[in-house]
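The values are calculated or read from the model by the stated rules, or taken from the named source; none is laboratory data. Just so it is clear, the structure is predicted and the values come from calculations on it, not from any experiment. For neighbour counting, all protein chains shown are included, and Cβ atoms are generated from backbone atoms with ideal geometry for every residue, glycine included.
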Amino acid sequence: MLALRLTRGSHPLVLLRRLLVAAASAGVGFLLLSSLTHALAHPGDSAASLQRLLWCALPLAATVHLAVVVARTDPATRPRTGLSAVGLGPGRLAVLAAVSTAVAGTLGSALALLFFLHLRGDLTGLPFDGAAAEPLASGRPLPTGAALILLALVPFSTTLAAALALRPRGAPAPAEAEAPEATAPPRPPGGLPWGCALTTAGLAVGTYAAHADRGVSLPLPGQFDGHPAGSLLGWALTAVGLALAGPALTHFCGRLLQARRPGAARLLAGRILMEESRRIGRPLGVVCAVASAVITVWTLHDTGPHPFGPLTGLGATLVIACTAATLITSAVEARQSRSAATENLRRLGASAGALRLAALLRVLALLLVLTPVTWAVATLAAVPLAR
Amino acid sequence: MVAPPDDDALRALSLHHSHTGSPALAGVSLGVGEGEILAVCGPRGSGKTTLLRCLSGQTVPDEGEVWFNGSPVHTLTALRRERLRRERFGWIGPEPSLVPELTVWENAALPLLLRGTPHRQARAAALEWLEHLDISAHANRRPHALTQPQRQRTATARALIAVPSVVFADEPTATLHRADRALVLRTLLAAARSHRITVVLASHDPEVTALADRTVTLLDGRRTDTPEAADAEGQAECSLSV
């Protein structure tokens, strides 16, 4: 009940973020149900149905990532002196965050079910009744157990991930009243060696698989035929590698910015970027991976006629929107955590223009370093596939 | 001793201010002469911080006027007040409120860097002030590696480095032990005297306020020291400003 009360009083932007989680959850739920209907409609072709189900893992992963970041950013789950004093410490707050996430996920799944039944023609009385009756196998009864399990998948995985990410660790939680300058900064992120290794391995696997026998293939749903399972594995490895390398790359950008006798704007921009590299870097790496995948698909799309099906489009939109929303939410989180320091700077007379310039410099530095990386990965991934 | 109004570096005329309905200042008038060290004394909640914020242009009072060197502060736009704070004022708060990402010397040099002073020059000035405050050994460390008194000394260096016209010190020694308190106050007052910096020092501690040239006492947002003098000052200034 406390979760609901806190939700009711929260800021519209916070509610919007929760709604985003619900929408993403609805999208993934719909994709999962569609793969179920594919299996119903084609009982003989279980490999294709399994492949559709597996492709749902990408939007699911993006949704879980978004849900975790939203739960972490939620002001209601931040340790607060008053609440801690009445016994609502970090442990209970993690439970609270998990409950809010579960509510958002369940809401999304319920919406997905309603929409799905509506398009299928099982619910009547609204426009577009049964508009997609045939592809959604309206002739066959829906197995209730399977549908419920698929619908519970998103709320369950997001809740579990949020609870795990926010659980109180062994180290004591930072005291709420402690000044920001008194807390030790996080160590500079590692992960660049692993990130590089995985990215290169992913590219190598992709190249190798493109030359391998095309008989054993795991094609995309829709008409995106002929890509071996290896190239999918290669992409996954590349994405994980970029996500691992993201924090270190961000830290490097910050280091570059504040090098060589910086003025106030460059100094602040660089140091803040170095400090926030852990928080911002991971989502940034994921965005880079998604962007490079989009570029690769775009290049291949140009070379041959491969129109996407609506479900592939929905999945791609979900992945892109979730990763972008995750990055933006992380940036908002970083900004919130720096609000006290910003206030101090304003008291010193730092103009809003100077602070905006520092923010702009950060964005420019990130773009300058990460755009070539993304482009290079995308081009390298596309080379073997284009032939 | 009351400085003649024309010599006042900073003057406040019947300031009224309330924080969302709860009154903090109820008609405070005062003048601070150039190079003078004025202590604002009073218990917690007596309006000291609000008075300092109004005088330094961080807050615009609901009613009343603030004049700095013969020009009004209360009518300036937010941008001009920001510039005034950057170029003419220094601020020491009860908490050091350093920027956690910057090293100690960078924190101290921040006002100079914000004014566009070249890097090398700002560093030299910062190291000199840190030397005065006995923390030059920690110049390249981050604030988290320092003790609270060392951080407060860094904040003091930051307030003095640009040699501002006025330094506002809001309970600068509230979180310090006696030895550290003495060092911070000694440096602040010595710098003020040698560079003719005006200091407005808010404190509830009589030991601290005893070091000032003059003391103004606040209680519940009103001056309680010399009501007649305050009234006379207010009247004289009203007639002057007409």
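A few remarks follow.
- For the residues B:D134, B:D180, the requirement of being surrounded by fewer than 19 Cβ atoms within 10 Å (Cβ to Cβ) and in a helix (DSSP H, G or I) singles out B:D180.
- A single entry from B:E106, B:E82, B:E101 fulfils the requirement of being buried (at least 21 other Cβ atoms within 10 Å of the Cβ), at pLDDT 90 or above and within 14 Å of chain A (Cβ to nearest Cβ): B:E106.
- Restricting B:L133, B:L55 to residues that are more than 11 Å from every other protein chain (Cβ to nearest Cβ), touching a residue at least 24 places away in the same chain (Cβ under 8 Å), within 26 Å of B:G21 (Cβ to Cβ) and in contact with a Leu (Cβ under 9 Å, 6 or more places away or on another chain) narrows the list to B:L55.
- Some residue of segment B:184-192 being touching a Gly at 6+ places or on another chain (Cβ under 9 Å) and away from chain A (no Cβ under 13 Å): yes
- Criterion: loosely packed, with under 15 Cβ neighbours inside 10 Å and under 30 Å from B:A155 (Cα atoms) - qualifying residue of A:R356, A:R347: A:R356
- Yes/no for A:V373 being aliphatic (A, V, I, L, M), under 22 Å from the mean Cα position of the chain (by Cα) and surrounded by fewer than 20 Cβ atoms within 10 Å (Cβ to Cβ): yes
- Pairs with Cβ under 6 Å, 6+ apart, first in segment A:181-207 and within 14 Å of chain B (Cβ to nearest Cβ) and crowded, with 16+ Cβ neighbours inside 10 Å, second assigned to a loop (DSSP other than H, G, I, E, B) and of a type outside the set (A, V, I, L, M, F, W, C): A:E181/B:P100
- For first residues located in segment A:39-52 and farther than 19 Å from A:L233 by Cα and modelled with pLDDT of 85 or more, partners that are small (G, A, S) and in a helix (DSSP H, G or I) and lie 6+ apart or on another chain with Cβ distances below 8 Å form the pairs A:A39/A:S46; A:A39/A:S49.
- Helices (runs of 4 or more DSSP H) fully within segment A:1-109 counting 2 or more residues that are under 19 Å from the mean Cα position of the chain (by Cα): A:12-41, A:46-55, A:57-73
- Failed condition for A:A243, given (1) modelled with pLDDT under 90; (2) outside any loop (DSSP other than H, G, I, E, B); (3) crowded, with 18+ Cβ neighbours inside 10 Å: (1)
- Restricting segment B:70-79 to residues that are away from chain A (no Cβ under 13 Å) and not in a loop (DSSP other than H, G, I, E, B), the residue that is nearest to B:L25 (Cα to Cα) is B:P72.
- Lone qualifier among B:W91, B:W67, B:W105 - being of a type outside the set (D, E, K, R), in contact (Cβ under 8 Å) with a residue 12 or more places away in the chain and part of a helix (DSSP H, G or I): B:W105
- Residue selected from segment A:332-359 under the condition assigned to a helix (DSSP H, G or I) and under 24 Å from the mean Cα position of the chain (by Cα), by the criterion farthest from the other protein chains (Cβ to nearest Cβ): A:V332
- Residue match in segment B:145-158 (condition: touching a strand residue (DSSP E or B) at 6+ places or on another chain (Cβ under 9 Å), charged (D, E, K, R) and farther than 29 Å from A:M274 by Cα): no
- Test result for B:L114, within 18 Å of the chain's Cα centre (by Cα), at the interface with another protein chain (Cβ under 7 Å from one of its Cβ atoms) and either more than 23 Å from B:H195 (Cα to Cα) or at pLDDT below 90 (or both): no
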